[in-house]
Amino acid sequence: MHGEEGPGPQLDGLFLRRFLRLQAVLFPGWLSPSALMFLTLLGVALLEQLVIYQVGVIPSQYYEVLGNKDFSAFKKLTAVALTLIVVNSTLKSFDQFICNMMYVSWRKSLTEYLHSCYFQGQVYYNLHVLREDIDNPDQRISQDVERFCRQLSSMASKLIISPFTLAYYTYQCFHSTGWLGPVSIFGYFVIGTIVNKVLMSPIVSKLVQQEKLEGDFRFKHMQIRVNAEPAAFYRAGRVEHMRTDRRLQSLLQTQKELIGKELWLYIGVNTFDYLGSILSYVVIAIPIFSGVYGDLSPTELSALVSKNAFVSIYLISCFSQLIDLSSTVTDVAGYTHRIGELQETLLSLGRKKNDNYSEAKASWDLDGHSGEDTAFLLERVTLSVPSSGKLLIKDLSLRISKGNSVMIVGNTGTGKTSLLRVLGGLWESTQGSIKMLTCFGPRGVVFLPQRPFFTDGSLREQVIYPLKEIYPVSGSADDERIVRFLELAGLADLLVRAGGLDEQVDWNWYDILSPGEMQRLSFARLFYLQPKYAVLDEATSALTEDVEHELYRVCLQLGMTLISVGHRASLEKFHSWILKLHGEGRWELTRCEKMKRLPAAEGC
Ligand SMILES: Nc1ncnc2c1ncn2[C@@H]1O[C@H](COP(=O)(O)OP(=O)(O)OP(=O)(O)O)[C@@H](O)[C@H]1O
């Protein structure tokens, strides 16, 4: 949640570049669905213009037919008029339909594109945890993209047809008024556009600011939703009410300012519209008063005026329609900036390479990567906090290999979890190299983070996470394994509560499990995945020593080598090495003599 810096987003070159970059996503090729829809829309809009012209001349034909009292011509004309009206309304509806379909197709392309950048590697982690210079990425992907596509599709048919109508009526205008008509109308449009641009730019930056505040307001509600229980224990209703209202106030204040700025734009647009209606008479007045038509009779003159006025008015109305799009253009520009900014950040994070870190082929293949006896190799690693540069560990060299479990201990804030982040490739080390020689996943390395993570879905999906399918045997044998591991983790009752492994529960796992149960469920997951190396970050902090003992015992029985962070001395017996962090870069590695001899894995 950071404030905007600099003069703020404008209708400038940067907007144009961002807009074109987004267009490349919306129209990936000539044969893409969006491009085909766009071409169909062009065809429909052109047909519509032809039909509109035909419908427009019907009244004058009625005058003629009725004046001549020609009944058969009247019937024919009525039939033609009805047909044209049906065709016209069908075309208009299709126009609307294609615009709506294009909106869906654009939204799909743009959101999927942003998702592919967002979920690539660790981009989402870096964006949320390490780089906070972009506000509310979630809102940009969901709401801003939606509005951008909707507004763009609402302008599409008017924009697409305008070059054709402008060219046609410019020609007509030139034909009847000479160069004076088109030149003065174009001049008028240029002035109108410049004035409008001046009025639009502050609206764009206000709109971007308003969207940010909208996101902050929603974030506040999400915070309360996620933390409802602790908030209730603190009796935080009053203070949170005040804070949420404060965010609402600043959002509404910005909205009011936006509406105030829009007023000037509306005044500009409306003045342009109405001035345009008399411009055609000014165009015709100039030759009249300069004596060009001096030899025409008043009747001839009025016929000329009416004809010239018609084409000029039509040309002006084509321009007015474009100017009327101003407020939609400001919306599109605002969203373009927000989405473009996100796209730039995602791409730059995606390109970022962690040169000090190398990793065995990261995969959740069922076959896994076996045969590696070393999980991590650290050479003279120096580690600092990325944002503040605070030194945590200096010159650490370490090999973590099969059978050599390591326990990382130390005071709060000395960098225990940070070391795991470096092992997992989430943080970069400032110096040295880290090699992860075994892949992630079953038969490789699995991390149990400090805060357990659960996804939506059935109990089975929690246990096999992050695998998408069951492993390594399917059907009832796998069910038996899952049930067995749930029992080993002390969660036999959860199976009953969840109504079986595959019952689609509608609850949030974080709401219905106690912290201890969450840790137990994380261990059931670990037993199921059976990695060679398990990295456990205070994974038993909410459990009793006895339960902790039992869970660690099962891990060792399953043949896992452990890298644990923990505070309890009772954990030491499950490890062969103790790495003690003293802070400010100092550390100490000692052999642990208490390592327990456990029977080899049997039947697990
Ligand atoms: N995302 C972050 N941005 C900035 N600083 C961070 C971030 N995460 C952790 N830190 C800081 O890095 C330091 C080390 O944090 P770390 O989480 O590694 O501590 P720890 O030794 O695991 O502590 P604990 O025993 O409380 O879990 C702390 O001073 C912490 O405030």
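Placing a pseudo-label 7 Å from each Cα along the Cα-to-Cβ vector at N411 and F454 gives an inter-label distance of 3.6 nm.
Show me the trypsin sites (Lys or Arg not before Pro) within region 39-96 that DSSP assigns to loop and that have at most 13 other Cβ atoms within 10 Å of their Cβ.
Working: sites: K69, K75, K76, K92; in loops: K69.
In loop regions of region 39-96 (DSSP not H, G, I, E or B), the sparsely surrounded trypsin sites (Lys or Arg not before Pro) are K69.
Taking the inverse of the mean reciprocal distance over all distinct Cα pairs, the Kirkwood hydrodynamic radius of region 499-578 comes to 13.7 Å.
What's the FRET efficiency of T299 with R484 using the Cβ-Cβ distance as r and R₀ = 60 Å, to the nearest 0.05? Between T299 and R484 the formula returns 0.05.
Rounded to the nearest 0.05, the FRET efficiency derived from the C-beta distance between S290 and Y171 at R0 = 30 Å is 0.80. Derived from the Cα gyration tensor, the three semi-axes of the equivalent ellipsoid of region 70-203 are 46, 26, 11 Å, largest first. With a cut-off of 19 Å on the backbone N, the residues of region 506-528 near the modelled label site 7 Å out from E229 along Cα-Cβ are 506-524.
Relative to the Cα centre, the charge distribution of the chain, modelled as +1 at Lys and Arg Cβ and -1 at Asp and Glu Cβ, gives a dipole magnitude of about 760 debye. Length gained on full extension, V239 to S401, computed as 0.36 nm times the residue gap minus the Cα-Cα distance: 53.2 nm.
Stokes-Einstein D for region 142-264 at 25 °C, 0.890 mPa s, Kirkwood Rh over Cα pairs, in µm²/s? Don't skip to the end; give the middle numbers.
Details: Rh = 18.8 Å.
Stokes-Einstein gives a translational diffusion coefficient of 130 µm²/s.
Around the amide H of G441, modelled in the peptide plane, lie the amide H atoms of V446, all under 5 Å away and 5 or more residues distant in sequence or on another chain. A Förster radius of 30 Å, combined with the Cβ-Cβ distance separating W179 from Y274, puts the computed FRET efficiency at roughly 0.75. Under Stokes-Einstein, with the Kirkwood radius over Cα pairs as Rh, the value for region 73-120 at 10 °C and 1.306 mPa s is 116 µm²/s. The alpha carbons of region 372-479 stretch over 50, 31, 21 Å along the principal axes, in descending order. Probing with 1.4 Å while keeping every protein chain in the model, the per residue accessible area of region 323-463 equals 41 Å². Between L159 and C592, the contour length at 0.36 nm per residue exceeds the Cα-Cα span by 148.4 nm. Kindly list the residues of region 206-226 that lie in the label zone of E146, defined by a backbone N under 20 Å from the point 7 Å along the Cα-to-C-beta vector. Once the point is set 7 Å along Cα→Cβ of E146, 207-226 turn out to lie under 20 Å by backbone N, inside region 206-226. Mean 1/r over all different Cα pairs, inverted: what Kirkwood radius does the chain give, in Å? The answer is 30.3 Å. For region 227-305, taking the reciprocal of the average inverse distance between every pair of different Cα atoms yields a Kirkwood hydrodynamic radius of 18.5 Å. For region 44-55, 3J(HN,Hα) computed residue by residue from phi via the Karplus equation (6.51, -1.76, 1.60; θ = phi - 60°) reads 4, 5, 5, 4, 4, 4, 4, 5, 4, 4, 5, 5 Hz, glycine and proline entered as x. Shown for region 439-578: the carbon plus sulfur share of the solvent-accessible area, taken with all protein chains present and a 1.4 angstrom probe, equals 51%.
Go ahead and estimate [θ] at 222 nm for the chain from helices alone: -39,500 (n - 2.57) per DSSP H run with n ≥ 4, summed, over the residue count, rounded to 500. Kindly include the intermediate steps, with their values, before the conclusion.
Details: 16 runs with 354 residues, N = 604.
The helix-only estimate for the chain comes to -20500 deg cm²/dmol at 222 nm.
Give the ranking of W106, W264 by solvent-accessible surface, highest area first, calculated with a 1.4 Å probe. Please list the in-between numbers first.
Numbers: W106 5, W264 155 Å².
Greatest to least solvent exposure: W264, W106.
Label reach from Q120 (point 7 Å along Cα→C-beta): in region 28-72, no amide nitrogen lies under 14 Å.
Grab the Cα-Cα distance for S388 and D133, subtract it from 0.36 nm times how many residues apart they are, and report the gain in nm with one decimal. Write out the running numbers ahead of the final one.
Values: separation 255, 0.36 × 255 = 91.80 nm, distance 1.52 nm.
This chain segment gains 90.3 nm when fully extended.
Rolling a 1.4 Å probe across the protein heavy atoms gives region 87-219 an accessible surface of 47 Å² per residue.
Distance between the modelled labels on A24 and L495, one decimal in nanometres: 5.4 nm (7 Å Cα→Cβ projection).
Roughly to the nearest percent, how much of the accessible area of region 1-114 is carbon and sulfur, given a 1.4 Å probe? Don't skip to the end; give the middle numbers.
Details: 5040 of 7240 Å².
Solvent-exposed carbon and sulfur of region 1-114 make up 70 percent of the total.
Using only alpha-carbon positions in region 1-92, the gyration tensor eigenvalues give semi-axes of 49, 18, 9 Å once each is multiplied by 5 and square-rooted (largest first).
Spin-label model, A569/L14: points 7 Å from Cα along the beta carbon direction are separated by 5.9 nm. Close amide-amide hydrogen proximity is noted between S401 and A375, each under 5 Å apart and 5 or more residues distant or on a separate chain (H modeled in the peptide plane; Pro and chain starts excluded). Relative to the longest principal axis of the Cα atoms of the chain, the long axis of helix 476-488 makes an angle of roughly 60 degrees.
The values are calculated or read from the model by the stated rules, or taken from the named source; none is laboratory data. Everything quoted here is computed from the prediction, not taken from an experiment. So basically every Cβ, Gly included, is an ideal-geometry build from the backbone, and we count neighbours across all protein chains shown. We work out accessible area using only protein heavy atoms, side chains counted, and drop any ligands, DNA or RNA first. Shrake-Rupley method; radii C 1.70, N 1.55, O 1.52, S 1.80 Å.
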